[in-house]
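Engineer: Okay, handing you the structure first.
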Amino acid sequence: QFIAGPTNAEVSEADRSRVFHSWSAQGALNPLPIAGGSGCMLWDFDGKQYLDFSSQLVNVTIGYQHPKVVAAIQRQADKLTTIAPAQANETRAKAAELITDIAPEGFNKVFFTNGGADAVENAIRMARLFTGRDKVISRYRSYHGNTGAAIVATGDWRRIPNEFARSHVHVFGPYLYRSEFWATSEREECERALHHLERVIQAEGPESIAAILLETIPGTAGIMPPPPGYLSGARQIADRYGILLILDEVMAGFGRTGEWLALDAYDVRPDLITFAKGVNSGYVPLGGVIISDPIAHHFDERVFPGGLTYSGHPLATASAIATIEAMREEKIVENAARIGADVIGPRLQEIAATREVVGDVRGKGVFWAIELVTNRDTKEPLGAPEMGKLKAGLLERGLLPFISDNRIHVVPPAIITADEAGRGLDIIDETLAAHRP
Ligand code: PLP
């Protein structure tokens with residue numbers, strides 16, 4: 001239903017004059033005006049409709065305005081809109097119970113944060129305090145969030161236990177399409193990436209490394225499902241050197257891959273799991289760390305030197321409860337798996353077979369990437385101006401895409417129907433067909 005109000009032009013002008021946007025030079029910005037949404041659809045202030053193939057920043061897993069989640073937020077707002085983290089609150093405790101139910105056995109505590117970056121910050125802090133070590137190894141092709149200096153800039157006692165050297169080391173992970181290891185098969189890629197990981201650990205000094213931090217399936221960096229054996233191999237290497245394994249499920253978790261957690265599809269057990277986004281589809285900002293028992297017990301007698309004013313905010317945790325319950329009742333995770341296997345996967349293979357500009361397609365559930373290249377042999381990525389033209393073409397045809405570098409990510413809400421998914425994929429195919437270099 002179109003809600004009358006200001007026009008696109010008015011909203012754009014108001015936005016441009018006052019809002020400072022993320023990750024952008026401000027001058028040339030032209031953010032898409034959005035007035036409302038329902039399910040997988042969004043519309044602007046002039047009434048143009050968009051099928052959402054982005055889930056915003058890959059967070060609106062349950063679609064827009066899910067009535068059960070909206071009602072839960074309203075009920076909680078009537079009851080209690082805010083309460084400090086130090087108090088006991090039944091909504092927060094219930095959300096923690098539902099979240100630990102989803103986690104593997106032996107994960108029984110949740111530390112709540114406001115989003116994904118501070119979930120990662122606190123997971124790293126726990127790993128450093130638990131191991132007494134400093135360095136964190138993560139992948140070059142990864143995204144873990146946008147914070148880092150706040151606690152070190154803090155002046156009171158809370159700074160002191162956090163004053164690590166902040167050492168971060170990066171490795172190349174498995175990515176067969178653009179292998180760094182001259183690999184020609186998933187197996188070679190996996191073995192060589194693990195060898196590289198272990199050699200970097202040895203060269204850095206294993207006793208200095210607190211954690212290996214990996215997105216279970218790297219998301220923004222290109223949706224690269226790890227080959228069989230990579231995550232379990234990383235776990236074995238971590239164990240060999242007394243290093244913790246943190247799996248970042250902020251983007252891949254809570255239904256996106258057709259599993260409750262992306263790690264469920266792999267033979268791997270981390271020590272800490274970070275989450276945000278899909279836990280409540282971002283209806284109210286929420287993230288957190290799911291903590292395995294040994295690490296939780298480590299802090300039974302020791303102070304955990306971390307906290308946030310809004311940790312476990314009641315509106316956020318009420319929406320997480322309603323989201324998880326609705327996802328269970330409506331079998332939304334199963335839907336994501338089915339749509340990925342029956343609709344998106346096969347159709348993307350077809351598109352890849354017919355459209356020269358497609359170099360690779362990969363993913364699962366409602367978590368896919370189409371990698372675009374100027375030449376299939378050299379694999380040269382399609383440039384920013386070309387990607388900009390494709391984006392404009394998709395928007396014009398009524399599809400809101402998620403574009404990252406030379407890729408279109410196919411990441412619709414997990415509630416999407418086969419018809420809607422087919423319609424969106426038709427638009428992508430048509431836009432690629434019309435593309436002229
Ligand atoms: N970790 C991963 C894997 C992410 O994809 C993101 C955001 O995209 C973050 C962490 C940071 O989350 P937030 O933007 O909620 O701080």
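Engineer: Can you go through ASP271, ASP267 and tell me which one is farther than 25 Å from ARG407 by Cβ, modelled with pLDDT under 95 and acidic (Asp, Glu)?
Structural biologist: Values: ASP271 fails: modelled with pLDDT under 95.
The unique qualifying residue is ASP267.
Engineer: Now a separate question. Among the residues of segment 22-70, what is the count of those that are in a strand (DSSP E or B) and of a type in the set (Ser, Thr, Tyr)?
Structural biologist: Start the filter on segment 22-70 by keeping residues that are in a strand (DSSP E or B), which leaves 36-39, 41-43, 49-52, 64.
Checking the rest, the ones that are also of a type in the set (Ser, Thr, Tyr) come to 38, 50, 64.
Of the residues in that region, 3 qualify.
Engineer: Within segment 305-328, take every residue that is polar (S, T, N, Q) and part of a loop (DSSP other than H, G, I, E, B) and give me the one that is nearest to the chain's Cα centre (by Cα). Working first, answer last.
Structural biologist: Within segment 305-328, the subset polar (S, T, N, Q) is 309, 311, 317, 319, 323.
If we keep only those that are part of a loop (DSSP other than H, G, I, E, B) as well, we get 309, 311.
Details: THR309: 23, SER311: 20 Å.
For segment 305-328, the residue satisfying everything is SER311.
Engineer: Within segment 121-166, how many residues are of a type in the set (Gly, Ala, Ser), modelled with pLDDT of 75 or more and part of a helix (DSSP H, G or I)?
Structural biologist: Residues in segment 121-166 being of a type in the set (Gly, Ala, Ser), modelled with pLDDT of 75 or more and part of a helix (DSSP H, G or I): 2 in total.
Engineer: Please enumerate the residues belonging to segment 171-199 that are of a type outside the set (D, E, K, R) and in contact (Cβ under 8 Å) with a residue 40 or more places away in the chain. Before the answer, list the steps.
Structural biologist: To start, the set of residues in segment 171-199 that are of a type outside the set (D, E, K, R) comprises 171-177, 179, 181-185, 190, 193-197.
Listed by number, the residues that qualify are GLY173, PRO174, TYR175, LEU176, TYR177, CYS190, LEU194, LEU197.
Engineer: Is one or more of the residues making up segment 193-209 within 16 Å of the ligand (Cβ to nearest atom), buried (at least 24 other Cβ atoms within 10 Å of the Cβ) and farther than 28 Å from GLY39 by Cβ? Lay out the reasoning, then the answer.
Structural biologist: Within segment 193-209, the first condition is being within 16 Å of the ligand (Cβ to nearest atom), and the residues that meet it are none.
No, segment 193-209 contains no residue that is within 16 Å of the ligand (Cβ to nearest atom), buried (at least 24 other Cβ atoms within 10 Å of the Cβ) and farther than 28 Å from GLY39 by Cβ.
Engineer: Scan (1) over 27 Å from TYR310 (Cβ atoms); (2) within 16 Å of the ligand (Cβ to nearest atom) for the single condition ALA262 breaks and write down its number.
Structural biologist: If we test ALA262 against (1) over 27 Å from TYR310 (Cβ atoms); (2) within 16 Å of the ligand (Cβ to nearest atom), just (1) comes out false.
Engineer: Of the residues ALA318, ALA322, ALA296, which is at pLDDT 95 or above, of a type in the set (A, V, I, L, M) and touching a His at 6+ places or on another chain (Cβ under 9 Å)? Working first, answer last.
Structural biologist: Details: ALA318 fails: touching a His at 6+ places or on another chain (Cβ under 9 Å); ALA296 fails: touching a His at 6+ places or on another chain (Cβ under 9 Å).
Just a single option satisfies the conditions, and that option is ALA322.
Engineer: Where residues in segment 268-304 are of a type in the set (A, V, I, L, M) and either assigned to a loop (DSSP other than H, G, I, E, B) or free of Cβ contacts under 8 Å to residues at least 40 places away in the same chain (or both), which of them is farthest from the ligand (Cβ to nearest atom)? Let's see the steps before the verdict.
Structural biologist: Of segment 268-304, the ones of a type in the set (A, V, I, L, M) are 268, 272-273, 276, 279, 284, 286, 289-291, 295-296, 303.
Retained after the next criterion (residues that are either assigned to a loop (DSSP other than H, G, I, E, B) or free of Cβ contacts under 8 Å to residues at least 40 places away in the same chain (or both)): 268, 276, 284, 286, 303.
Working: VAL268: 16, ALA276: 5, VAL284: 12, LEU286: 9, VAL303: 25 Å.
Ranking the candidates gives VAL303 first.
Rundown of residues vs (1) under 30 Å from ALA421 (Cβ atoms); (2) free of Cβ contacts under 8 Å to residues at least 40 places away in the same chain; (3) touching a Leu at 6+ places or on another chain (Cβ under 7 Å); (4) outside the structural domain of ALA421 (by TED's automatic domain parsing), yes/no style:
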{"site": "GLN26", "(1), (2), (3), (4)": "no, yes, no, no"}
{"site": "ILE34", "(1), (2), (3), (4)": "yes, yes, yes, no"}
{"site": "GLN49", "(1), (2), (3), (4)": "yes, no, no, no"}
{"site": "SER54", "(1), (2), (3), (4)": "yes, no, yes, no"}
{"site": "ALA88", "(1), (2), (3), (4)": "no, yes, no, yes"}
{"site": "ASN108", "(1), (2), (3), (4)": "no, no, no, yes"}
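Engineer: Another question about this same structure. GLY345 - would you say it is touching a residue at least 40 places away in the same chain (Cβ under 8 Å) and not assigned by TED's automatic domain parsing to the domain that holds THR220? I'd like the intermediate steps shown before the answer.
Structural biologist: On the way: touching a residue at least 40 places away in the same chain (Cβ under 8 Å): no; not assigned by TED's automatic domain parsing to the domain that holds THR220: yes.
When the stated conditions are applied, GLY345 does not pass them.
Engineer: Just give me the residues in segment 44-94 being surrounded by 15 or more Cβ atoms within 10 Å (Cβ to Cβ) and of a type in the set (S, T, N, Q), in sequence order.
Structural biologist: Scanning segment 44-94 gives SER54, SER55, GLN56, ASN59, THR61, GLN76, ASN89, THR91.
Engineer: Please give the helices (runs of 4 or more DSSP H) falling wholly within segment 329-437 in which 3 or more residues are within 26 Å of VAL279 (Cα to Cα). Before the answer, list the steps.
Structural biologist: Working: elements: 332-338, 345-354, 384-396, 418-434.
Hits in segment 329-437: 332-338, 418-434.
Here is a yes/no grid of residues against (1) out of contact with any helix residue (DSSP H, G or I) (no Cβ under 8 Å at 6 or more places or on another chain); (2) surrounded by fewer than 14 Cβ atoms within 10 Å (Cβ to Cβ); (3) touching a residue at least 12 places away in the same chain (Cβ under 8 Å):
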position: ARG376; (1), (2), (3): yes, yes, yes
position: GLU386; (1), (2), (3): yes, no, yes
position: LYS391; (1), (2), (3): yes, no, yes
position: GLU396; (1), (2), (3): yes, yes, no
position: SER404; (1), (2), (3): yes, no, yes
position: HIS409; (1), (2), (3): no, no, yes
position: PRO412; (1), (2), (3): no, no, yes
position: ILE416; (1), (2), (3): no, no, yes
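Engineer: State which residue is farthest from the ligand (Cβ to nearest atom) when the search covers only segment 102-124 and only residues that are more than 20 Å from the chain's Cα centre (by Cα) and charged (D, E, K, R). Show your work before the answer.
Structural biologist: The initial filter retains those residues of segment 102-124 that are more than 20 Å from the chain's Cα centre (by Cα), namely 105-109.
Going one step further and asking which of them are charged (D, E, K, R), we end up with 105, 109.
Values: GLU105: 24, LYS109: 20 Å.
Once the filter is applied, the top-ranked residue is GLU105.
Engineer: Related question: Could you tell me which of the residues ASP264, ASP271 is within 21 Å of the chain's Cα centre (by Cα), within 24 Å of VAL58 (Cα to Cα) and charged (D, E, K, R)?
Structural biologist: Values: ASP271 fails: within 24 Å of VAL58 (Cα to Cα).
When all the criteria are applied, what remains is ASP264.
Engineer: Please count how many residues of segment 239-257 are touching a helix residue (DSSP H, G or I) at 6+ places or on another chain (Cβ under 9 Å) and surrounded by fewer than 24 Cβ atoms within 10 Å (Cβ to Cβ). First the steps, then the outcome.
Structural biologist: Looking only at segment 239-257, we keep the residues that are touching a helix residue (DSSP H, G or I) at 6+ places or on another chain (Cβ under 9 Å), and these are 240-257.
Adding the requirement that they be surrounded by fewer than 24 Cβ atoms within 10 Å (Cβ to Cβ) leaves 240-242, 245.
Residues that pass the stated criteria total 4.
Engineer: For segment 362-374, state whether one or more residues are of a type outside the set (A, V, I, L, M), in contact (Cβ under 8 Å) with a residue 40 or more places away in the chain and surrounded by fewer than 18 Cβ atoms within 10 Å (Cβ to Cβ). Walk me through it before giving the result.
Structural biologist: Our first condition is that a residue be of a type outside the set (A, V, I, L, M); within segment 362-374, this holds for 362-365, 367-368, 371, 374.
Pick out the ones that are also in contact (Cβ under 8 Å) with a residue 40 or more places away in the chain and you get 362-365, 367-368, 371, 374.
Narrowing further to those that are surrounded by fewer than 18 Cβ atoms within 10 Å (Cβ to Cβ): 374.
So far as segment 362-374 goes, yes, one or more of its residues are of a type outside the set (A, V, I, L, M), in contact (Cβ under 8 Å) with a residue 40 or more places away in the chain and surrounded by fewer than 18 Cβ atoms within 10 Å (Cβ to Cβ).
Engineer: Testing ASP239 on (1) within 16 Å of the ligand (Cβ to nearest atom); (2) without any contact (Cβ under 8 Å) to a residue 40 or more places away in the chain, one condition comes back false. Which one is that?
Structural biologist: Result: ASP239 fails condition (1) only.
Engineer: Take PRO227 and decide whether it is assigned by TED's automatic domain parsing to the domain that holds HIS144, away from the ligand (no atom under 16 Å from the Cβ), part of a loop (DSSP other than H, G, I, E, B) and out of contact with any strand residue (DSSP E or B) (no Cβ under 6 Å at 6 or more places or on another chain). Don't jump to the end; show me each part of the working.
Structural biologist: On the way: assigned by TED's automatic domain parsing to the domain that holds HIS144: yes; away from the ligand (no atom under 16 Å from the Cβ): yes; part of a loop (DSSP other than H, G, I, E, B): yes; out of contact with any strand residue (DSSP E or B) (no Cβ under 6 Å at 6 or more places or on another chain): yes.
When the stated conditions are applied, PRO227 passes them.
The values are calculated or read from the model by the stated rules, or taken from the named source; none is laboratory data. Bear in mind that the values here come from a model prediction, so they are computed numbers and not experimental data. When we count neighbours, we look across all protein chains shown, and the Cβ atoms used for this are built from the backbone with ideal geometry, even at glycine.
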